[in-house]
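Reading through the structure tokens given below for one structure.
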Amino acid sequence: MPPQVELLQGTLDLLILRTLTLEPQHGWGISRRIQQITRGTFDVKPGSMFPALKRLEEKGWITASWGPSENGRRSKFYSLTATGRRHVKHEVDTWRRIAAAIGWALEATR
Amino acid sequence: MNRLIAAVRNLFGGRRSDRETEAELESYAEHAADAYESRGLSRADAERAARLDVGGIAQVSEQVRDASAGRALESLRRDLAYGIRGLRRSPGFTLAVAGVLALGIGATTAIFSIVSGVLLRPLPVPHGDQLVRVFHTPPPDSFPGITRFSVSPANFLDWKARSHSFDDLAIYGFGGRTLTGGPRAESITIAHVSPNLFAMIDAVPAMGRLLNADDDRPGGGRVAMVSWSFWQSRFGGVALDGQSVILDGEPYAIVGVMPASFEWPVWSITGMPIWTPLGWTDADRAVRGNHNYNVIGRLRPGVSVAAASAELDAISADLAREHPVENTGWGANLVRLQDLIVNPVRRSLLILLGAVGFLLLIASANASNLILSRALGRQKEVAIRAALGASRARIIRQLIVETLLVAAVAGAAGLGLARLTLLAFATYLKDQLPRATDVALDGRVVGVTIGVAVVAGLLASLGPAIRASPAGVQDTLKQGLGRTDAASAGRLGRRLLVGVEVALSLALLAGAGLLARSVWSLLHVDPGFETANVLTFSVGVSQSKYPTPGSRSAYFDDGLARLRAVPGVTDAALVDTLPLGPGSMQPFTIVGRAAPVVADSLELAVRQISPGYFRAFRIPLVRGRDVDAHDANAVVISESAARTFWPGADPIGQQMQFKFTPGVTFDVVGIVRDIRLESLDSDNAMPTVYQWMRERPWSAMTFVVRTAGPPASVTPTALSAIEDLDPNQAVRDVATMTERVAATTAPRRFELDLLGTFAVLAVALAGIGLFSVLAHAVRGRSREIAVRSALGASTAEIIGLVVVEGVKPTLGGLAAGLIIAWSLGPVLKTLIFGIGTFDLATYAAGATALLVVSCVAAIVPAWRAAHLDPLKVLREE
């Protein structure tokens, strides 16, 4: 496994929300998905995942309900709320701007 | 906003959230196990790998909870619940800590409520904080040491006209009158007031009307206002309907009755039974050189005392220029009425507040000791919690919350204690303090109590919190979670706490001891005259019935003769002012000597006496003789007067003249020993002269009656002898000299009572603290003691061991206590009399007392230690 990279709280929130824009998902599924879309860079453990989910749920950006999973296990599924959806777009735009700026900063030779 | 709602929900749904998280983690683990299984692991291996991924369920639950909104509040709630559970499991501990803290908090509350009511609260008078008393500052050469003097009418009127600092200025005076019309004649003091006095304090009459400017006619309109209590006792509280009072034979129509609420014990003018108008004539108004009146003013809002004072200084300077004869050297000063009333007790109340602060510290240290012991006993519990992930901050916070819980209970109990104490001692306080009726558990006091409880709780948890270290977790767990040497870890802390208690107790003991010795000294100081078996009372004869000096002299001479005829009376005489009280000072000149360069610069204390005064008080005659009836005008002087004004010469045969008796020349016929003329605790003799005039102008004198035995049995006969002489002249202010002497020591005895109580409580607490430390020490070292005893140590040696253990912190505490007490020396100085602040005897006594207490505290633990069964103890390990 590639070396673990420190994941900032806000970044994790963004990744979770991004994952959920596709479809509602349960905790393990989100973790697996993040691992996939970051090409293995981030392997989010429950110790980080569930507190983040709790925070997002309390902020009202995601909502949860229990239901059967794809292989019949009873799981708690999270999905984006309207507020959350709006927030994701805004966060993504901000992140893109920041990432670009940092990219330029690192490229600059003078 | 959503977070807020979530926070509130989290307050109550904590456990449900935990269960949900657990379920979620279970589900997660199942999914992970499925994934591993699909990659080829066996089910068992897959599940194990999944569990590893998840980590500790409890830990994750904790982290989820930490991320939840309102986490702080929720943890607080859990700490509280945990704390309450813990306290209920050990009720003995809870009661002990609460009891100790309640004692400290209760005492502090009681004293603070006194300070709050007496010193801090504004006067319960409308515009109370703006009221100021205005005095003359007399010329220092004529009146050395006196800074506040009565005011003359003309000066008052000029002040009023010329100053802008006051909303209003009013003036009043007192006078003695004989009240008749009732069953017997009464001698009362009434007040004559300027009509604006009542308006200045927004007074409203209960019946009728206030005095007004119309009543204030020259010669005095014959109208009066009376107080509620006077109205009740004299007229039975009927409606006002043209009744009148007869003062000195003249009827005064009563136009108004003041309500009962008008009488404020703090301000004498409001406690008068009768108020009449001043009734000044133009001649009265012009009087500038006689100063007999009192002035009260109301400062304009926003004007400070300093500003008004400066203005009056300027006006006084102008007046001195305009009227050089009467006003040279006469300035003005003002004092807030409130300060005037409380300043005498301000110092001692603040010192008492400091002393009770010590008591509170001792109580907190004691509580801390108990908490520390318990905390050390719970080390295994703490270790487990730390292993489960509780941070050190969390553990400390829980301890503090638990302590504050107990402190809250103690605070409530302390409030109750304080209230009971104040109620029980209400009458006692009334005798000792001005404004005692203003002492109450009001909002400010309750607020301070809460603050004190919080501070005490925090102090008490400080030591234990520092010591509660999960660093010892590993050791604790390794040592098998049994009885450990954890006791030794806390030993230093507990010894330190006990040392603090002992130190502060010594300081309190020293203070109380010094005070006790002062009171004893004061009571045993030789006043220079014999105070036992002397009855005193005053009579003021009415001017209208006894208009001439001759008639008045005849009255008093008759009185003395009758008194001397009473069985049990050995001597009777007269004096204008008794010793141990302030009296008249007059400028004088010696005939045949050049007058002093500065007029009126030679002064001494002057007392009017009758022959036999010195015999009555057993004041020794040093040279010459007493005055007698054959002398026209004679004086006897005190030794210090002789020394000061006739150094090396013989004063007997010389002649003197005095300012207040112009034209009269007195012969010096004798010299007497000095007495403590005005107070017991002044060491300097006041040069005194005792005057006798055959043509006496006196209308009020005090009888001094020496009795063979205790005066009580003779008093009724003596008083009726005087009353039979003329029932219309009232006798007042009856007291024995012993009672008067005791009254002068009353303030110090009050301080002593309180300080002594604190000291006793402090020593008791220190003793209890020591006892608990030793008991724990014995338990903690039981193995060591068992080994020693098994190896042949005698009972005495083991007892010695324990006692030494107890004496060590005591000695340390005593040393610290001496330093504290020594540094507080200047503060204590104001309280004491007759001894230096570093009185060896007192400190030695205090230290010995504490050492004895520490030995007593060691008895039970020592006995228990000596009777340990060594085999039993060693086997237990």
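In chain B, if the dipole is taken from +1 on Lys/Arg beta carbons and -1 on Asp/Glu beta carbons about the Cα centre, which of B:Phe660, B:Ala816, B:Leu319 is farthest to the positive end?
Farthest along the dipole direction, towards plus: B:Ala816.
Roll a 1.4 Å probe over the protein heavy atoms and report the accessible area of B:Val773 in Å², nearest 10.
Approximately 10 Å² for this residue.
What are the ³J(HN,Hα) values, in whole Hz, obtained from phi via the Karplus relation 6.51 cos²θ - 1.76 cosθ + 1.60 with θ = phi - 60°, for each residue of the range A:79-84 in sequence order, with x given for Gly and Pro?
Rounded to whole hertz, the list is 9, 6, 8, 4, 4, x.
How much FRET efficiency would the formula 1/(1 + (r/R0)^6) give for B:His323 and B:Ala595, where r is the Cβ-Cβ distance and R0 is 22 Å, rounded to 0.05?
It comes to 0.50.
From the residues B:Ala742, B:Leu404, B:Leu719, which one has its Cα farthest along the dipole of the protein assembly as shown in the positive direction, the dipole being from +1 and -1 charges on Cβ of Lys/Arg and Asp/Glu about the Cα centre?
With unit charges placed on the Cβ atoms, the residue in question is B:Leu404.
Run the dipole for the range B:612-749 about the Cα centre, Lys and Arg Cβ at +1, Asp and Glu Cβ at -1, nothing else charged, and hand back the magnitude in debye, nearest 20.
Dipole about the Cα centre, nearest 20: 340 debye.
When only alpha-carbon atoms are used, what values of Rg and Dmax, in angstrom, describe the range B:365-449?
That works out to 20.1, 63 Å for Rg and Dmax.
Of all the C-alpha pairs in the protein assembly as shown, what % are more than 49 Å from each other?
Across the protein assembly as shown, Cα pairs with separations above 49 Å total 51 percent.
Cα to Cα, under 17 Å, and not fewer than 8 places away if on the same chain: which lysines meet these conditions relative to A:Lys89?
Answer for A:Lys89, where 17 Å is the Cα cut-off: A:Lys59, listed by chain and number.
Round to a whole angstrom and tell me the spacing of the C-alpha centers of the range B:505-555 and the range B:24-64.
Result: 94 Å between the Cα centres.
What base-10 log of the normalised intensity I(q)/I(0) is obtained for the range B:299-430 from the Debye formula, alpha carbons as equal point scatterers, at q = 0.17, 0.20, 0.21, 0.22 Å⁻¹?
The computed values of log10 I(q)/I(0) come out as -1.05, -1.21, -1.26, -1.30.
Once label points are set 7 Å from the Cα along Cα→Cβ at both B:Glu26 and A:Ile102, what is their separation, rounded to one decimal in nm?
The answer from the label model is 4.0 nm.
Can you quote the Å³ per residue value for the convex hull of the Cα atoms in chain B, rounded to an integer?
Here the figure is 248 Å³ per residue.
Given a 1.4 Å probe and heavy atoms of the protein chains only, how would you sort B:His192, A:His90, B:His630, B:His127, largest accessible area at the top?
Output order, biggest surface exposure first: B:His630, A:His90, B:His127, B:His192.
Can you grab the distance from the C-alpha centre of the range A:53-96 to the C-alpha centre of the range B:697-745, Å, no decimals?
98
Is there a quick way to get the dipole size of the range B:102-214? I mean about its Cα centre, with the Cβ of Lys and Arg at +1 and of Asp and Glu at -1; what is the value in debye to the nearest 20?
The calculation lands at about 220 debye.
Tell me the Rg and the Dmax, in Å, that the Cα atoms of the range B:180-266 produce.
12.9, 36
Between 0 and 90 degrees, rounded to the nearest ten: what's the tilt of helix A:9-22 against the longest Cα principal axis of chain A?
60
Could you give the length gained by full extension between B:Thr437 and B:Asp284, i.e. 0.36 nm per residue of separation minus their alpha carbon distance, to one decimal place?
51.2 nm
Note down the magnitude of the dipole of chain B about its Cα centre, charges +1 on Lys and Arg C-beta and -1 on Asp and Glu C-beta and zero elsewhere, to the nearest 20 debye.
Dipole size: approximately 3020 debye.
Ignoring solvent entirely, what values of log10 I(q)/I(0) come out of the Debye formula for the range B:488-639 at 0.13 Å⁻¹ when each Cα is a single scatterer?
-0.85
How far is helix B:305-322 tilted off the main Cα axis of chain B, in degrees rounded to 10, range 0 to 90?
On a 0 to 90 degree scale, this one is about 20.
Take the range B:8-74, drop everything but the C-alpha atoms, weight them equally and run the Debye formula without solvent; then report log10 I(q)/I(0) at 0.19, 0.23 Å⁻¹ to two decimals.
Taking Cα atoms of the range B:8-74 as identical point scatterers yields -0.71, -0.87.
Show B:Trp520, A:Trp95, A:Trp61, B:Trp159 ordered by accessible area, largest first, where the area counts protein heavy atoms only and the probe is 1.4 Å.
Result, largest first: B:Trp520, A:Trp95, A:Trp61, B:Trp159.
Compute the acute angle (0 to 90°) between the alpha-carbon long axis of helix B:549-565 and the principal axis of greatest extent of the alpha-carbon atoms of chain B; round to the nearest 10°.
For B:549-565 against chain B, the angle is about 60 degrees.
Enumerate the amide H contacts of B:Leu677 below 5 Å, restricted to partners 5 or more residues apart or on another chain; note that Pro and chain-start residues carry no placed amide H.
B:Met686
What FRET efficiency comes out for the pair B:Ser268/B:Val852, r = Cβ-Cβ distance, R0 = 41 Å, nearest 0.05?
After rounding, the FRET efficiency stands at 0.25.
The values are calculated or read from the model by the stated rules, or taken from the named source; none is laboratory data. Nothing here was measured: the structure is a model prediction, and the numbers come from that model. Here the Cβ is made from the backbone with ideal geometry for all residues, glycine too, and neighbour counts use every protein chain on show. The protein model used for the area step is the full one, side chains on, heavy atoms only, and it has no ligands, DNA or RNA in it. Shrake-Rupley method; radii C 1.70, N 1.55, O 1.52, S 1.80 Å.
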